[in-house]
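Please read the structure below before turning to the comments.
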Amino acid sequence: MKIFDHNPHPHIKSRKKPAPKFTPKHDNPVSRFNAFLGEKITRGVGTMWCAYAFAILAFISLPEAIQNGKSALISWIAQTFLQLVLLSIIMVGQKVEGAAADARADNTFKDAEAILHEAIEIQKHLEAQDAVLLKIIEAYKSGPLPSSGAGS
């Protein structure tokens, strides 16, 4: 006689299977080429070296912007320097933040795995206690418990 039937969550079986890696599907060669080229450009532009190169490129046109007056200088700052240089810097920042988020997600997953393991261990412990309690109940049903003889 068992006093408890463990009913595991359906996810427990599926979690033992490796998670599929995300790979975008490309239906045709043009789509594959566009994805390849976009990835290469993104990886190249998203570096601090690219930001330095863009800054140098932007500073080449700075003297002309200064000579043309205040509106040309403001235009240079907004359209040339900020857009060109900050693009790469923002991409680098997103890459760093993404790596940190991945690390946090990995730690959260490991924590969840540990909690699940502990819950399974608790379940085993409870089953062992059930077995002992069942033996005590069966012994009680079959007759009086033997006395220890200390009080007789």
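The values are calculated or read from the model by the stated rules, or taken from the named source; none is laboratory data. All values derive from a computational prediction rather than experimental measurement. Ideal geometry is used to build each Cβ from the backbone, glycine not excepted, and the neighbour counts take in all protein chains shown. In case anyone asks, the SASA skips ligands and DNA or RNA and just uses the protein heavy atoms, side chains included. Shrake-Rupley method; radii C 1.70, N 1.55, O 1.52, S 1.80 Å.
Averaging Cα coordinates gives a centre for region 21-63 and one for region 80-134; these two points are 30 Å apart. Per-residue extension of 0.36 nm, minus the Cα-Cα distance of residue 62 and residue 35, leaves a gain of 6.2 nm for this segment.
3J(HN,Hα) couplings calculated from phi for region 119-126 with the Karplus curve 6.51 cos²θ - 1.76 cosθ + 1.60 (θ = phi - 60°) are, in sequence order, 4, 5, 5, 4, 4, 5, 4, 5 Hz; Gly and Pro show x. Based on protein heavy atoms only, region 46-143 ends up with 74 Å² per residue of surface accessible to a 1.4 Å probe. When the C-alpha to C-alpha distance is required to be over 31 Å, the pairs from 25/110; 17/95; 40/70 that qualify are 40/70.
3J(HN,Hα) along region 111-116: 4, 5, 4, 5, 4, 4 Hz, from the Karplus curve 6.51 cos²θ - 1.76 cosθ + 1.60 with θ = phi - 60°, whole Hz, x for Gly and Pro. For a modelled paramagnetic label at residue 55, 7 Å from Cα along Cα-to-Cβ, the residues of region 79-123 in reach, with backbone nitrogen under 11 Å, are 85-86, 89.
Using the Stokes-Einstein relation with a Kirkwood hydrodynamic radius computed over Cα pairs, the translational diffusion coefficient of region 26-152 at 37 °C and a viscosity of 0.692 mPa s comes to 150 µm²/s.
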